[in-house]
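Below: the structure, in structure tokens.
The values are calculated or read from the model by the stated rules, or taken from the named source; none is laboratory data. Since the model is a prediction, treat every value here as computed from it, not as a measurement. For neighbour counting, all protein chains shown are included, and Cβ atoms are generated from backbone atoms with ideal geometry for every residue, glycine included. Remember, those area values only see protein heavy atoms, side chains included, never the ligands or the DNA or RNA. Shrake-Rupley method; radii C 1.70, N 1.55, O 1.52, S 1.80 Å.
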Amino acid sequence: MKKIALAVAVAAALAGCDNRQAEDESAVNTSAETSTAQAGKASGTAAENGAVTAEDATVFLEEAQQRLAKMAEEAAHAAWLAATYINVDSQFTEALASERYTALAVELANEAARFDDLELDAETRRQLTMLKQGLVLPAPQDPELTAELAQIGSKLQGMYGAGQYCSGEGDTEKCYSLTEMGRIMAESRDPEKLKELWVGWREVSPPMKPLYERQVEIANAGAQELGYDNLSTMWRSKYDMGPDAFAQDMDAQWNKVKPLYEALHCHVRAKLNERYGDDVVPPNGKIPAHLLGNMWAQEWGNIYDVVKDQDMEAPYDLTKLVVESGMDEKEMVKVGEKFFTSLGFEPLPETFWERSQFTKPRDRDVVCHASAWNVDNKDDLRIKMCIQKTADDFITIHHELGHNFYQRIYNDQPFLYQEGANDGFHEAVGDAIALSITPKYLKQIGLMDEVPDESKDLGFLMRQALDKIAFLPFGLLVDKWRWQVFNGEVKPADYNKAWWQLREDYQGIQAPVARSEENFDPGAKYHIPGNTPYARYFLARIQQFQFHRALCDAAGFEGPLHRCSIYNNAEAGEKLRNMLAMGASKPWPDAMEALTGQRELDAAAIIDYFKPLMAYLEEQNQGRQCGWE
Ligand code: X8Z
Ligand code: ZN
């Protein structure tokens, strides 16, 4: 999450991942697109009447950014409190701050329309567009609805954060936090236990459904007031291209990586079938969602032990290395910071260490979902995690620090440009760095004694693919579901059905028990109650491999990409820092070009990275019937 934002629509949005990013990414619309977006606006603007000038626009933007920055800081403090201390008062305070922020952002977005028909330089036009697209959840210009929207957001976030699952009664009652359940989902191989927790956690979300429905209704009305057809169009209008072109680009990238996913799915299903038998894992159907090592079956790296061949020993077990090193949670973060400073980034400020939440407090409810914050639009940077000494969290630390170092390095940009080049960029930075966590790097920093020989590479790639490739369809479908919900294609009576339709079609997985509209399974995934857009994570999976390839080139690395680490490399560091410092000041293809020389998304980077694994999977899958109906 990052700085609170321009876009902070509701308190809940404030506490999401990289929130501000979520919110005010914007597009330089072509004039055709601008007029579509503005369809429905009253005709006869002030500009036509000759009432406003380009200078008015500049003055307006200057003032608007000052007001937003101030309000964003207030809202960020309140959101931090509500995320790290869930109670009725923090939620009240957060909702109020969020309401005020949304009201201001909506007021300014509407005011920006005054300049719609004025001829302006590209810079001013870009900022006005960004201003209009800032909010994740826009409210209509109605104080009661604005307040209601903010309160719903706060409540949903609190319900998710305070969620737990309890089983047994009286003395034998045992309550699990989501963090604890996540650990068991990763480590247990007992299908009954896994199923119990899978079902149990999903008790958190049915009460969210009426709130979510209402939230969609209000935010859709807000988007329409701003001239969009609905919130789906608004969310998809933030990528320097038209909303439909964006959806098509996502599908096009997915189609390129799909053969890799299908090959992995086929192999993993065969291994799970061997392990659990036909009764638990049908040899040809969809994979039951509780067996993949993750509460949402979104990343599968935790079942590496089930998937690997006897002769495919992992080069190392990162969880074990972290535990055996004796590092505590804060020291894990220090290791992450050191990677960034080795690339020439300034060390994190002292306040980062004082104000961050590294571990789960014992005495209160908090939102444990990892996030990175920029509270004052300057250098009050923080992460909020409930760190476990695991490989997953070691990687997530790098992910979150990627947000923080990005926020820090563009803090001289005008407020509206204090964003990622697009929201996928923000998610990709830390992940790209984490691709440099290779065995050689782990030896360099003393976490590992010997670098395994190259015969172990396949094991390393398999472990990576279980996280990176398995995630792709999930990354795509979460917002496919939301887009359909926002545009009315999916009605509340079909929320859960539509969710499972996508899960089955794209991921080839299925719920381990029957689901109905009594359930609201999307709500059991943080980003739905947290209102963090999700397409960004799909983009980031593609982009991070482009970044990694470009940084390895800059470092002069020769050899297979999975063996490259840019740790300590000044050239790669400079290249990365220069791109990040642009913030959102230019359309994202410019930033992409500055780093990679390419102006487009290019799935070839991720496909190349996994080429040796793909060859292995194809061989393994020979004679197997792959796919699912
Ligand atoms: O939410 C996150 C980050 C914070 S921005 C921890 N991620 C997505 C998720 O957990 O669902 C990172 C990967 C995808
Ligand atoms: Zn993130």
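Keeping to the stretch 387-397, report how many residues are away from ligand 1 (no atom under 11 Å from the Cβ) and in contact (Cβ under 8 Å) with a residue 60 or more places away in the chain.
If we filter the stretch 387-397 for residues that are away from ligand 1 (no atom under 11 Å from the Cβ), which is where we start, we get 387-391, 394.
With in contact (Cβ under 8 Å) with a residue 60 or more places away in the chain added as a condition, the list becomes 388-391, 394.
So the answer is 5.
Can you confirm whether L348 is among the aliphatic types (A, V, I, L, M), more than 16 Å from ligand 2 (Cβ to nearest atom) and either farther than 21 Å from M159 by Cα or not in a loop (DSSP other than H, G, I, E, B) (or both)? Criteria met by L348. Checking each residue in the stretch 536-546 for being open to solvent by 10 Å² or more (accessible area, probe 1.4 Å) and among the aromatic types (F, W, Y) picks out only Y537.
From the list E111, E107, E94, E123, the one residue that fits, being acidic (D, E) and open to solvent by less than 10 Å² (accessible area, probe 1.4 Å), is E94. The set of residues from the stretch 399-440 being within 16 Å of ligand 1 (Cβ to nearest atom) and of a type in the set (D, E, K, R) comprises E400, E419, D423, E427, D431. Taking the stated definitions as given, is A554 among the small types (G, A, S), modelled with pLDDT of 95 or more and within 16 Å of ligand 1 (Cβ to nearest atom)? Considered against the rule, which asks whether it is among the small types (G, A, S), modelled with pLDDT of 95 or more and within 16 Å of ligand 1 (Cβ to nearest atom), A554 comes out as no.
When the stretch 464-474 is filtered for residues that are more than 19 Å from N255 (Cβ to Cβ) and open to solvent by 10 Å² or more (accessible area, probe 1.4 Å), the ones remaining, listed by number, are Q464, D467. Check whether at least one residue in the stretch 475-488 is surrounded by fewer than 19 Cβ atoms within 10 Å (Cβ to Cβ) and either in contact (Cβ under 8 Å) with a residue 24 or more places away in the chain or within 18 Å of N230 (Cβ to Cβ) (or both), and report yes or no. Taking every residue of the stretch 475-488 in turn, at least one turns out to be surrounded by fewer than 19 Cβ atoms within 10 Å (Cβ to Cβ) and either in contact (Cβ under 8 Å) with a residue 24 or more places away in the chain or within 18 Å of N230 (Cβ to Cβ) (or both). Taking the residues in the stretch 415-437 that are touching a helix residue (DSSP H, G or I) at 6+ places or on another chain (Cβ under 6 Å) and assigned to a loop (DSSP other than H, G, I, E, B) as candidates, determine which candidate is nearest to ligand 2 (Cβ to nearest atom). Per the stated criteria, the residue is G420. Annotation note: of T596, T532, the sole residue that is more than 27 Å from G182 (Cα to Cα) and β-branched (V, I, T) is T596. Taking the conditions exactly as written (open to solvent by 10 Å² or more (accessible area, probe 1.4 Å), outside any helix (DSSP H, G or I) and among the basic types (K, R)), does R549 satisfy them or not? Spelling it out, it is not the case that R549 is open to solvent by 10 Å² or more (accessible area, probe 1.4 Å), outside any helix (DSSP H, G or I) and among the basic types (K, R). Does at least one position in the stretch 580-594 carry a residue that is modelled with pLDDT of 95 or more, in a loop (DSSP other than H, G, I, E, B) and open to solvent by 50 Å² or more (accessible area, probe 1.4 Å)? Looking for residues that are modelled with pLDDT of 95 or more, in a loop (DSSP other than H, G, I, E, B) and open to solvent by 50 Å² or more (accessible area, probe 1.4 Å), one finds at least one in the stretch 580-594, hence yes.
With respect to P533, determine if the residue is surrounded by 23 or more Cβ atoms within 10 Å (Cβ to Cβ), touching a Phe, Trp or Tyr at 6+ places or on another chain (Cβ under 7 Å) and at pLDDT 95 or above.
Details: surrounded by 23 or more Cβ atoms within 10 Å (Cβ to Cβ): yes; touching a Phe, Trp or Tyr at 6+ places or on another chain (Cβ under 7 Å): yes; at pLDDT 95 or above: yes.
Yes.
When restricted to residues that are surrounded by 24 or more Cβ atoms within 10 Å (Cβ to Cβ) and under 20 Å from P138 (Cα atoms), the stretch 65-90 contains 6.
A quick yes/no check of all residues on (1) closer than 16 Å to K443 by Cα; (2) of a type in the set (S, T, N, Q); (3) in contact with a strand residue (DSSP E or B) (Cβ under 9 Å, 6 or more places away or on another chain):
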{"position": "M312", "(1), (2), (3)": "no, no, no"}
{"position": "Y316", "(1), (2), (3)": "yes, no, no"}
{"position": "T319", "(1), (2), (3)": "yes, yes, no"}
{"position": "V322", "(1), (2), (3)": "yes, no, no"}
{"position": "D328", "(1), (2), (3)": "no, no, no"}
{"position": "E331", "(1), (2), (3)": "no, no, no"}
{"position": "V335", "(1), (2), (3)": "yes, no, no"}
{"position": "F340", "(1), (2), (3)": "no, no, no"}
{"position": "F352", "(1), (2), (3)": "no, no, yes"}
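Applying a threshold of 8 Å to beta carbon distances and a minimum spacing of six or more residues, or different chains, the list of pairs starting in the stretch 533-547 at a residue that is touching a residue at least 40 places away in the same chain (Cβ under 8 Å) and over 13 Å from D249 (Cβ atoms) and ending at one that is away from ligand 2 (no atom under 12 Å from the Cβ) and of a type in the set (S, T, N, Q) reads R536/N422; Q546/T596; Q546/Q598; F547/T596. Taken over the stretch 552-579, the criterion of being farther than 27 Å from D457 by Cα and open to solvent by 50 Å² or more (accessible area, probe 1.4 Å) is satisfied by E574, K575, R577, N578.
From the list K334, K389, K338, the lone residue that is open to solvent by 30 Å² or more (accessible area, probe 1.4 Å) and part of a loop (DSSP other than H, G, I, E, B) is K389.
Being more than 11 Å from ligand 1 (Cβ to nearest atom) and touching a residue at least 40 places away in the same chain (Cβ under 8 Å) is the filter; apply it to the stretch 374-385 and report the residue that is surrounded by the fewest Cβ atoms within 10 Å (Cβ to Cβ).
So in the stretch 374-385, the residues more than 11 Å from ligand 1 (Cβ to nearest atom) come out as 374-382.
Restricting the remaining residues to those that are touching a residue at least 40 places away in the same chain (Cβ under 8 Å) gives 374-377, 382.
Values: N374: 29, V375: 22, D376: 17, N377: 22, R382: 25.
If we take residues in the stretch 374-385 being more than 11 Å from ligand 1 (Cβ to nearest atom) and touching a residue at least 40 places away in the same chain (Cβ under 8 Å), then D376 is surrounded by the fewest Cβ atoms within 10 Å (Cβ to Cβ).
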